[in-house]
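Student: Structure provided below as structure tokens; questions to follow.
Any read-out appearing in this document is the output of simple, stated calculations on the displayed coordinates, not a laboratory observation. Being a predicted model, the structure only gives us computed values, none of them experimental. Quick reminder, even Gly has a Cβ in these numbers, built from the backbone with ideal geometry, and neighbours come from all protein chains shown.
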Amino acid sequence: MGIISPIDAVIVDTSAFHKEQCDFLGIQNPILPAFFSMLNKKKIKLLSHPVLCEEIKRHISESEIINKLSNLKASLRKYKNFLPLINLSLDDISQSIDKLDLETKLVNAFFTTLKNSEELPYPDVEDVFALYFAGQPPFSSTGNKKSEFPDAFVILALKQYIQSHPSKCVLILTDDSDWKNALANIPRAILADSIGDGMRILQNCDELLPVFKEALPDIERQALSQLESEPFTLMGYEIIDDPEITEISIKSISDLFVPLKITDSSILLRTTIELEVTGFATVLDEDRSIWDHEDRAYIFTAYSDVTFEKALAEIECDIEITFDPEDHSSYVEVAYLKLNVRFNIDIELDEHTATFIDHESDTTADMMNAIEEYFHH
């Protein structure tokens, strides 16, 4: 294998931005501002293309963060009669949300990041159609792949950039299989699935591992302290009340972390903690319940108790670690730890960790009485 040149440029597909909710302001997720800050600090060029920019604008309008605002307005309308009880007005809140104009702010934040980018020119249309008729990636020899034309223009422009810059190495962030197939064998093209993976490639995390390992006991202590007051839920089950959690322990803390910000005496990073959770709950038993498809409601509901021991749960968190740059073994401290999943952390149950017990009261007689009452009603 030949020597790989240092990465000089980065291009980000819409799929990688969509994974991070297109949160260019860092409202809920600081990773995109941290990513662009890293590029500036390392003087790595950001590549763009007009087609890619228009695609990203569309993804912003469909992003999770915009949908959450829409859902908030819908919930407020649903419970508008309760707002006066807490001296709030539906009209005032709705106007404040509209005045926020978050979509425009996200679009403007995105284009601000492009000020110092290099915009790739459009390739020759004939070259794009040559790929299409030959069934070459991102097109396919089978099926209807006309929807890949936007990607084809960007990918071909990127190939031409790499070919015309023989000393440059480009990092391409995408989890789109068509992009990967089209760029897999291109020299000096490095592919990564996500923004986080790209940041790990751009920053040598091996240098940070000793500090991270020194901080592990403090990370575990702070994480467990915060998790004590967090509600959990059971993945794939409708629960009657929050599960009763009797024990939480940390199985592992991933050292494949994303470096968000690095200074001489601190690291801000994102990592994943795997938990083992023990407890019990009452769940709806869909197999023994009867659903009315017309009314979209249960005629009869049956319940089961479930106990679980060391069932797995996973949580992402952001951690700031401060340390003595001269001797980190003498001073390492977790300045703060923020759980990125709050309110209903999913517990994954399986046959090895969970035991289900049907409620004794869920008898055939109860079910028949419920059905008879339903139809009489």
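Student: In square nanometres, what is one fourth of the surface area of the convex hull spanned by the alpha carbons of the range 60-176? Spell out each step's value before the answer.
Tutor: On the way: hull surface 46.5 nm².
Quarter of the Cα hull surface area: 11.6 nm².
Student: Continuing with this model, one more query. Quick check on my link table: of K73/K145; K115/K168; K73/K261; K19/K41; K19/K338; K115/K261, which ones sit more than 27 Å apart, alpha carbon to alpha carbon?
Tutor: On the way: K73/K145 38 Å; K115/K168 21 Å; K73/K261 34 Å; K19/K41 23 Å; K19/K338 20 Å; K115/K261 22 Å.
Result: K73/K145; K73/K261 exceed 27 Å.
Student: Follow-up. I need to check one value: relative contact order of the range 7-202, counting alpha carbon pairs closer than 8 Å and at least 6 residues apart, in percent.
Tutor: Numbers: 231 pairs, mean separation 60.5, N = 196.
It rounds to 31 percent for the range 7-202.
Student: Can you tell me the Rg and Dmax of the range 7-202, counting just the alpha carbons, in angstroms?
Tutor: Expressed in Å, the Cα Rg and Dmax of the range 7-202 come to 20.1, 67.
Student: In nanometres, what is the gap between the two model label sites at S266 and A74, each 7 Å from Cα along Cα-to-Cβ?
Tutor: 3.9
Student: Taking Cα pairs under 8 Å and at least six residues apart, what relative contact order does the chain come out at, in percent? Provide the component values of the computation, followed by the final result.
Tutor: Details: 590 pairs, mean separation 53.0, N = 377.
Rounded, it is 14 percent for the chain.
Student: With n ≥ 4 as the cut-off for DSSP H runs, can you work out [θ] at 222 nm for the chain, using -39500 (n - 2.57) per run divided by the number of residues, rounded to the nearest 500? Please report the intermediate quantities before stating the final value.
Tutor: Details: 12 runs with 141 residues, N = 377.
Rounded to the nearest 500, it is -11500 deg cm²/dmol.
Student: So, one more: If N is the number of residues in the range 200-250, what value comes out of its Cα radius of gyration divided by 2.2 N^0.38 Å?
Tutor: Values: Rg = 16.7 Å, N = 51, 2.2 N^0.38 = 9.8 Å.
Normalised by 2.2 N^0.38 Å, the Cα Rg of the range 200-250 equals 1.70.
Student: Using only the Cα atoms, work out Rg/Rh for the chain, with Rh taken as the Kirkwood radius, to two decimals.
Tutor: Details: Rg = 26.1 Å, Rh = 25.0 Å.
On the Cα set of the chain, Rg over Rh gives 1.05.
Student: Right, something else. Scan the chain and report its longest stretch carrying no trypsin sites (Lys or Arg not before Pro) that are both in a DSSP loop and have at most 14 other Cβ atoms within 10 Å.
Tutor: Values: sites that count: K43, K115, R296, R342.
With trypsin sites (Lys or Arg not before Pro) excluded where exposed in loops, the chain gives 116-295 as its longest stretch.
Student: When a footprinting reagent is the concern and you count Cβ atoms within 10 Å, what order do F24, F343 take, fewest first?
Tutor: Numbers: F24 26, F343 9.
Ranking F24, F343 by Cβ neighbours within 10 Å, fewest first, gives F343, F24.
Student: Which whole number in µm²/s is D for the range 52-122 by Stokes-Einstein, with the Kirkwood Rh taken over Cα pairs at 4 °C and 1.567 mPa s?
Tutor: Working: Rh = 14.4 Å.
Answer from the Stokes-Einstein relation: 90 µm²/s.
Student: Same structure, new question: As I understand it, the dipole of the range 7-202 uses +1 on the Cβ of Lys and Arg and -1 on the Cβ of Asp and Glu, about the Cα centre. Which of Y132, H165, S63 lies farthest toward its positive end?
Tutor: About the Cα centre, the residue reaching furthest to the positive side is S63.
Student: Explain nothing, just compute: Karplus ³J(HN,Hα) = 6.51 cos²θ - 1.76 cosθ + 1.60, θ = phi - 60°, for every residue of the range 170-181 in order, whole Hz, x for Gly and Pro.
Tutor: Each residue's phi maps through the Karplus curve to give 10, 8, 10, 9, 6, 10, 7, 5, 5, 4, 4, 5 Hz.
Student: About the Cα centre of the chain, what is the dipole size in debye to 20, counting +1 per Lys and Arg Cβ and -1 per Asp and Glu Cβ, all else neutral? The partial results should precede the final answer.
Tutor: Details: 32 positive and 67 negative charges, 511 e Å.
Taking the Cα centre of the chain as origin, the dipole is about 2460 debye.
Student: How would you rank L83, L131, going from fewest to most other Cβ atoms within 10 Å of each one's own Cβ? Numbers along the way, then the final one.
Tutor: Values: L83 16, L131 19.
Fewest-to-most ranking of L83, L131: L83, L131.
Student: Could you please rank E214, E64, placing first whichever residue has the fewest other Cβ atoms within 10 Å of its Cβ? If you can, show how the numbers build up before the last one.
Tutor: Details: E214 17, E64 14.
Fewest to most other Cβ atoms nearby, the residues stand as E64, E214.
Student: Please express the Cα-Cα pair-distance distribution P(r) of the range 194-327 as a list of whole percents, one per 5 Å bin, running from 0 to the bin with the greatest distance.
Tutor: Pair shares across the bins are 2, 8, 16, 15, 12, 11, 9, 8, 7, 5, 3, 2, 1, 0, 0.
Student: Can you work out ³J(HN,Hα) from phi for every residue in the range 111-124, in order, using Karplus 6.51 cos²θ - 1.76 cosθ + 1.60 and θ = phi - 60°, giving whole Hz and x for Gly and Pro?
Tutor: With coefficients 6.51, -1.76 and 1.60, one gets 5, 5, 5, 8, 4, 9, 7, 9, 7, 6, x, 5, x, 5 Hz.
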